[in-house]
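Taking it in order: structure first as structure tokens, then the write-up.
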Amino acid sequence: MEIENKKILIVEDEVSIAELERDYLEISGYAVELVHSGQKAVTMIRSNPYDLIILDLMLPEIDGFSIIKAVRNDVDVPILMVTAKKEDIDKIRGLGLGADDFITKPFSPSELVARVKAHLARYERLTHGGVKKKEVTIRNLTIQLDARRVLVNNKEVNLTTKEYDILVFFANNPDQVFSKEIILDRIWGLDSYVDTATVTVHIGKLRDKIPDGFIETVWGAGYRFNIG
Ligand code: CA
């Protein structure tokens, strides 16, 4: 039998369910830790390199929704959400919280193990198979970070270095308003002789090269990158 050393965290307040899940996963060769409180779960997820997280939605104090919101930016490992209500799945999807899969209670332990295996294998392919693309696609705009290449409707557009830097800065900070001064500081640096008029010019040119609707002017405040 193949020995798996993958580490799995089970976040579940019902101790008997958590222990049942753990037993089945351990029999399948996984290393398993249990946590029964949501607050503690956030700390553990942030400070331990788990390979996969099984997250119960209904928890006292901090629920599964809040946990996934709190940690999704920090960890990209698979998160399986466990819920007693099928309606919750639509809610989670609607919120775009980034759960990788959903399992409704009651489920068979063997189904859980099968899902865990599938997600670990998929994640392994993505991260170690050399196919993980450093690429961001928002609607018809794609940024290939390794190549510093930008595609609109799958056709390459030529951006200057600064235009590209501004675009990546925006894409990393969507739906936030940035003043010209802040953009100047982040892209050119404080010690630059460039003034905010240059920011206006660069953003105007960038806006002409990418589809409408991405860079929104917020009068009197600055610019916002819309991804919605
Ligand atoms: Ca629960």
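The values are calculated or read from the model by the stated rules, or taken from the named source; none is laboratory data. Remember, it's a predicted structure, so these values are computed and weren't measured experimentally. Cβ sites come from the backbone with ideal geometry, for glycine too, and all protein chains shown count toward neighbours. Areas reflect the complete protein model, heavy atoms only, side chains present, ligands, DNA and RNA absent. Shrake-Rupley method; radii C 1.70, N 1.55, O 1.52, S 1.80 Å.
Things to note:
- Take the stretch 166-228 with all the other protein chains still there, run a 1.4 Å probe, and you get 56 Å² of accessible area per residue.
- Listed by chain and number, the lysines whose alpha-carbon sits under 24 Å from that of Lys86, ignoring those within fewer than 8 places in the same chain, are Lys69, Lys105, Lys117.
- Residue-wise HN-Hα coupling along the stretch 98-108, computed from phi with Karplus coefficients 6.51, -1.76, 1.60 (Hz; x: Gly, Pro): x, 6, 8, 6, 9, 10, 9, 7, x, 10, 7
- Solvent-accessible area assigned to carbon and sulfur over the stretch 135-225 amounts to 48 percent, based on a 1.4 Å probe.
- Size of charge dipole - the chain - debye, nearest 20, with Cβ of Lys, Arg +1 and Asp, Glu -1, no other charges: 920 debye
- Ser66 accessible area, assembled protein chains, probe 1.4 Å, Å²: 50 Å²
- Rounded to the nearest 500, the helix-only mean residue ellipticity at 222 nm of the chain stands at -12500 deg cm²/dmol, with each DSSP H run of n ≥ 4 adding -39,500 (n - 2.57).
- Cut-off 14 Å between beta-carbons: net charge of the residues surrounding Lys205, Lys and Arg +1, Asp and Glu -1: 0
- Mean separation of Cα contacts under 8 Å, 6 or more apart, over the residue count of the stretch 82-211: relative contact order %: 15 percent
- Inter-label distance for Ala114 and Ala147, nm, one decimal - labels placed 7 Å from Cα along Cα-to-Cβ: 3.9 nm
- Portion, in percent, of the accessible area of the stretch 3-127 that falls on carbon or sulfur, probe 1.4 Å: 52 percent
- Phi-based couplings in Hz for the stretch 12-20 (Karplus 6.51, -1.76, 1.60; Gly and Pro marked x): 7, 7, 7, 4, 5, 5, 4, 5, 5
- Distant alpha-carbon pairs in the chain (separation over 22 angstrom), percent: 61 percent
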